[in-house]
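K.L.:
This structure is in structure tokens; I'll ask about it shortly.
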Amino acid sequence: MSVLISEIGINHLGDVAKLTRMIEKAAAYGLPSVKFQYRSYGTEFFDSALEMGSTLLAQELSKVNLDRSTIQDSCLLARKLGLSVGVSFFRIEDLHDFCANFLPDYIKIPSAEAINFELIRAAQIYGVPVMVSTGGQTLLQLERLATEVTFLSDDVVLYCVANYPAALGSTLPAMIAQYRALFPCKIGYSSHDENWEVNIAFLHVGIDFLERHLCEDKSDRGLDISTSSDFDEMAKLNMFCRNQEWCRQVNISDKAPNQGEIQNLRDLGSGYYYKRDYSKGDRVLVADLEVKSPCRGVRVGSISEVDLIDSVYAGSPVLDEDFIFKCKSIKLRIEDLIKNRISLPVRFHDYKKIMSTFALHNFEFHMSYRDVEKILELQNDLSQNLSTEHEFSIHLPDYVSSRALIDPFSSEASVRVQSRYIIEGCVKFARFLEDFTGKKCPIIGSFSAIGTRQKTEFYNGYRDLIGEIMERDKVTIAPQFLPKKAWYFGGSCELNVFCSLDDLEFYREMPGGLCLDTAHCIMAANFAGASKSLWLQTLLPLATHVHVSDAQGDDGEGVKFGDGELGDDVQIVLAHKSVKVIEQWEGHLYNFRGFEQALAFLGERV
């Protein structure tokens, strides 16, 4: 029999009365266990200066954070009502702070800290079962976990896909048998499935524990609501604990963390940072390093000391490259890249350095909704660094707020108004760039929010809107081809528009053509069980703009060029007459090392 854990987590939304109701209702529905999260904000956990993803998470988490005494009182209430209780901890100091006054029935280590061996061992000292969630971990990391930690028979290792929510097909029940072969303890599943019924398949293959987020109402607005079940669903899940139907066979070696998982682990997890400057050859101990979130390099718990092979600077993240290998200097074939209209993505805070580092002529501004809000200020700064040799494009923001995707036809007035404001702002910015350079500046948009509309209404709406803008402002807008499984707000979801050859006739009606994204095309074709080469060759004639990146499977975006499935098709793509933007994921980090490697790879093929 599997034990169902109802994770209340932060779904109380910071409302103590709501939390109390949820505990009482969990008992009334016959649920066996509830779990909470504890973060002490006595010290700054999230560094607001590092990357937007963590900043947004920190803002949302601070709104719902409850103090230690409130959570401990809630644990006591749950126990009084016959529920077992568990608590998740992200830091050692929080663990000791909480357990000094109250010991839960079990301690949970979340996926973001799955290889924080120091935290896991500290939890084991308290003598209660320790559950470790392993979303986003590679086979090598799982093997290290099994080697570094001595799991007791009552401890639990949880298989997990760390997307919020996880789309159908991204979680694989056949993993459970391989987890049992790796770990000499109980095995469970931590579910973030968009469709709660998928958990029945995991019950079929045999798990000891099943963990799933519980919410009071699915209309609530919170970080974890999209991956939660309400009380009725949770009661059904509890009832079906012995009813199993579905599974498919895979190997752990085929499991690769997808882009959403990797970003979530970095945003939520902690990493090492240098406190001061060091020189080549210096030995640096872990005690001399600073631990901060988000993680932008080596994750906490994975090293003890390093011998540096290059100089490093205070405040920078500790990287594998600092002590494992040093990238060789790469000679770029800039003239060939310029001739083939190769472009790099830039953002307002790094465009000066990217333009000076890579002497290309083409660049694409990737905008956030906050960039659009201060567009005039940014234009004034930009005008002092432009050259008439440059040619630009603009990528619209995917989001209009921390909670909504761009959708100029949304039924929600605030989303509709903000979406149109952002589009108009980018149109004005494109006109500014065109006037300065004398060259066209197309706008690329990821339009995926269909809502309750029919496809015909959706596509006709964008056809008319783009046509109106092109006629009025003479600025081209090209919708981007999308993956079937997209990553938004830290979770994967299935799209129904701009992601299949079934809608080819609608694409042909777009006045500004289509932006072909090669990684998206590969993933969408794989999802459909189709030939990615055929899909690329079919879409290229419709493309007025191209984003070039590699991918594998139906959700493996962000892999390095040469490691994915683009293969020889890259030659056909690079020969296309349009601008080709190199979208190497995280290419802007670490002095643009990823961009440099991508340009070197593609420069040999143009």
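The values are calculated or read from the model by the stated rules, or taken from the named source; none is laboratory data. Please read all numbers here as calculations on a predicted model, not as lab measurements. Reconstructed Cβ throughout: ideal geometry from the backbone, glycine too, with neighbour counts over all protein chains shown.
K.L.:
List pairs: first residue in the range 563-578 and within 12 Å of Ala519 (Cβ to Cβ) and in the same structural domain as Ala551 (by TED's automatic domain parsing), second residue aliphatic (A, V, I, L, M) and assigned to a loop (DSSP other than H, G, I, E, B) anywhere in the structure, Cβ distance under 6 angstrom, at least six positions apart or on different chains.
P.N.:
Matching pairs, first to second residue: none at all.
K.L.:
For the range 311-325, what are the residues that are within 30 Å of the chain's Cα centre (by Cα) and free of Cβ contacts under 8 Å to residues at least 40 places away in the same chain?
P.N.:
Val312, Tyr313, Asp320, Asp322, Phe323, Ile324, Phe325, listed by residue number.
K.L.:
State all residues of the range 191-229 that are at positive phi and under 25 Å from the mean Cα position of the chain (by Cα); if no residue qualifies, say none.
P.N.:
Matches in the range 191-229: none.
K.L.:
For the range 172-211, what are the residues that are surrounded by 20 or more Cβ atoms within 10 Å (Cβ to Cβ), at pLDDT below 95 and among the polar types (S, T, N, Q)?
P.N.:
Matches in the range 172-211: Asn199 only.
K.L.:
Which members of the range 394-422 meet the condition of being more than 24 Å from the chain's Cα centre (by Cα) and hydrophobic (A, V, I, L, M, F, W, C)?
P.N.:
Phe409, Ala413, Val417
K.L.:
Please enumerate the residues belonging to the range 364-408 that are closer than 14 Å to Leu433 by Cβ, in contact with a Ser or Thr (Cβ under 6 Å, 6 or more places away or on another chain) and surrounded by 16 or more Cβ atoms within 10 Å (Cβ to Cβ).
P.N.:
Glu364, His390
K.L.:
Could you give me the residue pairs with C-beta distances under 6 Å whose first residue belongs to the range 442-459 and is buried (at least 17 other Cβ atoms within 10 Å of the Cβ), whose second residue is aliphatic (A, V, I, L, M) and assigned to a loop (DSSP other than H, G, I, E, B) wherever it lies, and which are 6+ apart or on separate chains?
P.N.:
Gly445/Leu396; Ser448/Leu482; Ser448/Leu495; Ile450/Val497; Phe458/Ile450; Phe458/Val497
K.L.:
Are there any pairs with C-beta distances below 7 angstrom linking a residue in the range 176-194 that is within 14 Å of Leu142 (Cβ to Cβ) to a residue that is small (Gly, Ala, Ser), with the two at least 6 apart or on different chains, and if so which?
P.N.:
Ile176/Gly206; Leu182/Ala146; Phe183/Ala146; Cys185/Ser153
K.L.:
Among (1) touching a helix residue (DSSP H, G or I) at 6+ places or on another chain (Cβ under 6 Å); (2) touching a residue at least 12 places away in the same chain (Cβ under 8 Å), there is one condition Gln537 misses while meeting the rest; what is its number?
P.N.:
Exception for Gln537: condition (1).
K.L.:
Sort through Val291, Val300 and tell me the only one that's surrounded by fewer than 18 Cβ atoms within 10 Å (Cβ to Cβ), touching a Ser or Thr at 6+ places or on another chain (Cβ under 7 Å) and of a type in the set (Val, Ile, Thr). Before the answer, list the steps.
P.N.:
Working: Val300 fails: surrounded by fewer than 18 Cβ atoms within 10 Å (Cβ to Cβ).
The match here is Val291.
K.L.:
Is the range 395-417 home to any residue that is in contact with a strand residue (DSSP E or B) (Cβ under 7 Å, 6 or more places away or on another chain) and basic (Lys, Arg)?
P.N.:
For the range 395-417, residues in contact with a strand residue (DSSP E or B) (Cβ under 7 Å, 6 or more places away or on another chain) and basic (Lys, Arg): absent.
K.L.:
If you don't mind, there's one more thing I want to ask. Return the residues of the range 470-522 that are among the aliphatic types (A, V, I, L, M) and more than 22 Å from the chain's Cα centre (by Cα); say none if nothing qualifies.
P.N.:
Residues satisfying the conditions are Met470, Val475, Ile477, Ala478, Leu501, Leu504, Met510, Leu514.
K.L.:
Quick one: in the range 179-202, of everything that is charged (D, E, K, R) and part of a strand (DSSP E or B), which residue is farthest from Ser2 (Cα to Cα)?
P.N.:
Looking at residues that are charged (D, E, K, R) and part of a strand (DSSP E or B), I get Asp193.
K.L.:
Scan the range 90-129 for residues that are hydroxyl-bearing (Ser, Thr, Tyr) and touching a helix residue (DSSP H, G or I) at 6+ places or on another chain (Cβ under 8 Å) and jot them down.
P.N.:
Within the range 90-129, Ser111, Tyr126 qualify.
K.L.:
I'm trying to understand the selection: among the residues of the range 120-146, which are part of a loop (DSSP other than H, G, I, E, B), under 19 Å from Leu172 (Cβ atoms) and touching a Leu at 6+ places or on another chain (Cβ under 9 Å)?
P.N.:
So in the range 120-146, the residues part of a loop (DSSP other than H, G, I, E, B) come out as 125-129, 134-138.
Checking which are under 19 Å from Leu172 (Cβ atoms) leaves us with 134-138.
Scanning the range 120-146 gives Thr134, Gly135, Gly136, Gln137.
K.L.:
Only residues that are modelled with pLDDT of 95 or more and basic (Lys, Arg): list them for the range 212-239, please.
P.N.:
Selection gives Arg212 alone.
K.L.:
Further, regarding this structure: Give, as residue ranges, the helices (runs of 4 or more DSSP H) completely inside the range 508-586 that count at least 3 residues that are under 22 Å from Gln597 (Cα atoms).
P.N.:
The helices (runs of 4 or more DSSP H) meeting that bar are 518-528, 569-574.
K.L.:
Among the residues that make up the range 458-474, is at least one of them more than 23 Å from Arg370 (Cβ to Cβ), in a strand (DSSP E or B) and of a type in the set (A, V, I, L, M, F, W, C)?
P.N.:
Taking every residue of the range 458-474 in turn, none turns out to be more than 23 Å from Arg370 (Cβ to Cβ), in a strand (DSSP E or B) and of a type in the set (A, V, I, L, M, F, W, C).
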